[in-house]
Amino acid sequence: MLRNLLTVGGWTMLSRVLGLIRDQLLAAFLGAGAVQDAYQVAFRLPNMFRRLFGEGAFNAAFVPMFTAKYETEGKASALRFAGQALSSLIAWLVILTVLGEIFMPFVIRIIGSGFTHKANDTFEIAVSLTRITFPYMVLICAAALVSGMLNGLHRFSAAAAAYVTFNIVGIIAVLCGALIWHQTAVASAWGITISGFVQLGALLWAAKRAGIAPHFVRPTFSKDMHRLLRRMGPGLVGSGVTQLNLTVDTVISTYLPQGSVSWLYFADRVNQLPLGVLGAAAGTTLLPLLTRHAANNDRDNMQASLNRATNYALLLTLPAALGLLALAPAIMSALFGYGHFTPMDVWHSSQSLRAYAVGLPAFVLIKVLSPGFFAEGDTATPVKIGFVTLALNLGLNLLLYRQLAHVGPPLASAIAAIVNVLLLAAILYRRGVFLPDPAMLGRALRITAASVMMALWVAAAQHLVAPDIIFWHGLWRVLMLGGLITFGALVYGITLDALGVVRIRDVASAFQARLNRRRKNI
């Protein structure tokens, strides 16, 4: 499981790094003004569907069914089911896309309702850009189905690698729009839709090579499709509650001063780096494994798998969260403080980042614990929890956004995520699926102690040598941030070794042994 998690995580990390480059270009060329705010709302809508379907409800419903059919009824039956699902999904989404294009002003009045109260033309720009990006929804949801087929057969690399193309196309689009056509937002919007064709094509090619390419058929409401929709419907909210909470943040932020949508977006992008790498990787690799254990009624292995996944997640997520809290201004400055993105934008965005970081471990653990329900075909329970936390998030947003401005929405999401993961863990514990043993709890406490120690040392070092880093020259900012992160990693590793969580010698020996095996294979 760890190998698969690292494989998916590695490709996702590459995608996130390229995504940061794309966002750096957007920040430098557009800054944090009306056009950037409008573009981010235009990007949010199809991206929400990507997160919900690509990493959430669709995979949660489709992957167990496809895997079970492949194992019990054979390849032909599984491919027929996949073809029916693909054809039905595309037919429904095309209709939804056409309606969305027609009624786009009404859609933007919902997700960007605050724009209608502003004197500038942010609302009209958002409508125009969203009409360009909206067809991406059809393409990426179809790609999610093909990706689910590959993941169900443990071909994680091909599926994870395909999503790298989204940011490659996006970088090219931003550069062309800024340097050639002088329409950065419009070109970037077209880049989103074009990347959908590239991703879907890459995944279909990978599926064909694996001998599992789905075929288009006439959409029919078969027994299997009825079962898929029944599982998928409630899971759409249950597994996607994080994205729905972030969408609530976007709606509320449109009522805040100009630039708030952009500050929240860039803060969330940094927060999404560890969340996407660890959360998506854990959920993707854990679901097929838990599904097999559930099919065999093997509760012991389900418990062991969830405990290991939780420890792996905490080992990497806790230092990331505390590191973001300690270095938020330095991180935002080094990544985005160029061109039209001013030091004031850096400071405001770093405040939002710190609020998001409070909930980062909870965001990741939601991805780890949710497969415990999906593996047994239970999508109803997560949706009930989703409604509770969604209502909590909305209430906290309304309570906090006037007093805390751009810090209110991310803090509300963080609190809602913490409540969400506590409810998921409590119910799984009652069912005997998630039973943290003393060894796991001990490791979690030691990981927490090491993470706190790392954050304190890094914060002290930054205060001592670079208290005004956001005003430094760009190159020096990057070099200082790199030095602080390296220092933090060393402190964390040494502390983990001293506490007996990870032995550095053992890790180095295992890494060297793996290199030697690869050399022999070559």
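The values are calculated or read from the model by the stated rules, or taken from the named source; none is laboratory data. Quantities reported herein were computed from a predicted structural model and do not represent experimental measurements. All Cβ positions, glycine included, derive from the backbone under ideal geometry; neighbour counts span all protein chains shown. Note: accessible area is taken over every heavy atom of the protein model, side chains too, but ligands, DNA and RNA are not part of it. Shrake-Rupley method; radii C 1.70, N 1.55, O 1.52, S 1.80 Å.
The rows are residues; the columns are (1) over 22 Å from I171 (Cα atoms); (2) modelled with pLDDT of 80 or more; (3) open to solvent by 40 Å² or more (accessible area, probe 1.4 Å); (4) over 14 Å from the mean Cα position of the chain (by Cα).
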site: R16; (1), (2), (3), (4): no, no, no, no
site: L20; (1), (2), (3), (4): no, yes, no, no
site: A28; (1), (2), (3), (4): no, yes, no, yes
site: A32; (1), (2), (3), (4): no, yes, no, yes
site: F43; (1), (2), (3), (4): no, yes, no, yes
site: F53; (1), (2), (3), (4): yes, no, no, no
site: P64; (1), (2), (3), (4): yes, yes, no, yes
site: T72; (1), (2), (3), (4): yes, yes, yes, yes
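Hey, among the residues in the range 204-224 that are touching a Ser or Thr at 6+ places or on another chain (Cβ under 6 Å) and open to solvent by less than 80 Å² (accessible area, probe 1.4 Å), which one's nearest to T97 (Cα to Cα)?
P219
So if I check each of A143, A91, which one is assigned to a helix (DSSP H, G or I) and buried (at least 22 other Cβ atoms within 10 Å of the Cβ)?
From the options A143, A91, the qualifying one is A143.
Suppose we keep only residues that are of a type outside the set (V, I, T), over 24 Å from N301 (Cα atoms) and open to solvent by 30 Å² or more (accessible area, probe 1.4 Å) within the range 367-389. Which one would you say is farthest from the chain's Cα centre (by Cα)?
Once the filter is applied, the top-ranked residue is K384.
Can you name the residue in the range 467-480 that is surrounded by 18 or more Cβ atoms within 10 Å (Cβ to Cβ) and aliphatic (A, V, I, L, M) and is also nearest to D345 (Cα to Cα) among such residues?
I470
Tell me yes or no: at least one residue of the range 161-168 is buried (at least 23 other Cβ atoms within 10 Å of the Cβ), under 26 Å from the mean Cα position of the chain (by Cα), part of a loop (DSSP other than H, G, I, E, B) and among the aromatic types (F, W, Y). Show your work before the answer.
Let us first name the residues in the range 161-168 that are buried (at least 23 other Cβ atoms within 10 Å of the Cβ), namely 162-163, 166.
With the extra rule that they be under 26 Å from the mean Cα position of the chain (by Cα), the set shrinks to 162-163, 166.
Checking the rest, the ones that are also part of a loop (DSSP other than H, G, I, E, B) come to 163.
Cutting the leftovers down to among the aromatic types (F, W, Y) gives us 163.
Scanning the range 161-168 turns up at least one residue that is buried (at least 23 other Cβ atoms within 10 Å of the Cβ), under 26 Å from the mean Cα position of the chain (by Cα), part of a loop (DSSP other than H, G, I, E, B) and among the aromatic types (F, W, Y).
Within the range 74-88, how many residues turn out to be in contact (Cβ under 8 Å) with a residue 40 or more places away in the chain, open to solvent by 30 Å² or more (accessible area, probe 1.4 Å) and out of contact with any His (no Cβ under 9 Å at 6 or more places or on another chain)?
Going through the range 74-88 one residue at a time, the tally reaches 2.
Identify the residue in the range 432-455 that is under 28 Å from the mean Cα position of the chain (by Cα) and without any contact (Cβ under 8 Å) to a residue 24 or more places away in the chain and, among all such residues, is least open to solvent (accessible area, probe 1.4 Å).
L441
Within the range 349-366, does at least one residue satisfy the condition of being open to solvent by less than 40 Å² (accessible area, probe 1.4 Å) and on the phi > 0 side of the Ramachandran plot?
Checked against the condition, which is being open to solvent by less than 40 Å² (accessible area, probe 1.4 Å) and on the phi > 0 side of the Ramachandran plot, the range 349-366 yields no hits at all.
Answer yes or no as to whether N59 is open to solvent by 10 Å² or more (accessible area, probe 1.4 Å), outside any helix (DSSP H, G or I) and either touching a residue at least 24 places away in the same chain (Cβ under 8 Å) or of a type in the set (A, V, I, L, M) (or both).
no
Within the range 335-347, identify whether any single residue is crowded, with 24+ Cβ neighbours inside 10 Å, within 22 Å of the chain's Cα centre (by Cα) and modelled with pLDDT under 90, and answer yes or no. Lay out the reasoning, then the answer.
Taking the range 335-347 and keeping what is crowded, with 24+ Cβ neighbours inside 10 Å, we get 336-337, 341, 346.
After this cut, where a residue has to be within 22 Å of the chain's Cα centre (by Cα) as well, the list is 336.
Subsequent filtering for residues that are modelled with pLDDT under 90 retains none.
Within the range 335-347 (the criterion being crowded, with 24+ Cβ neighbours inside 10 Å, within 22 Å of the chain's Cα centre (by Cα) and modelled with pLDDT under 90), the answer is no, since none of the residues qualifies.
Scan the range 393-403 for residues that are touching a residue at least 40 places away in the same chain (Cβ under 8 Å) and surrounded by fewer than 22 Cβ atoms within 10 Å (Cβ to Cβ) and jot them down.
L394, L398, Y401
Given the criterion open to solvent by less than 30 Å² (accessible area, probe 1.4 Å), in a helix (DSSP H, G or I) and more than 29 Å from L369 (Cβ to Cβ), identify the matching residue among V491, V421. So that I can check it myself, show each step before the final result.
Numbers: V421 fails: more than 29 Å from L369 (Cβ to Cβ).
Of V491, V421, the one residue that is open to solvent by less than 30 Å² (accessible area, probe 1.4 Å), in a helix (DSSP H, G or I) and more than 29 Å from L369 (Cβ to Cβ) is V491.
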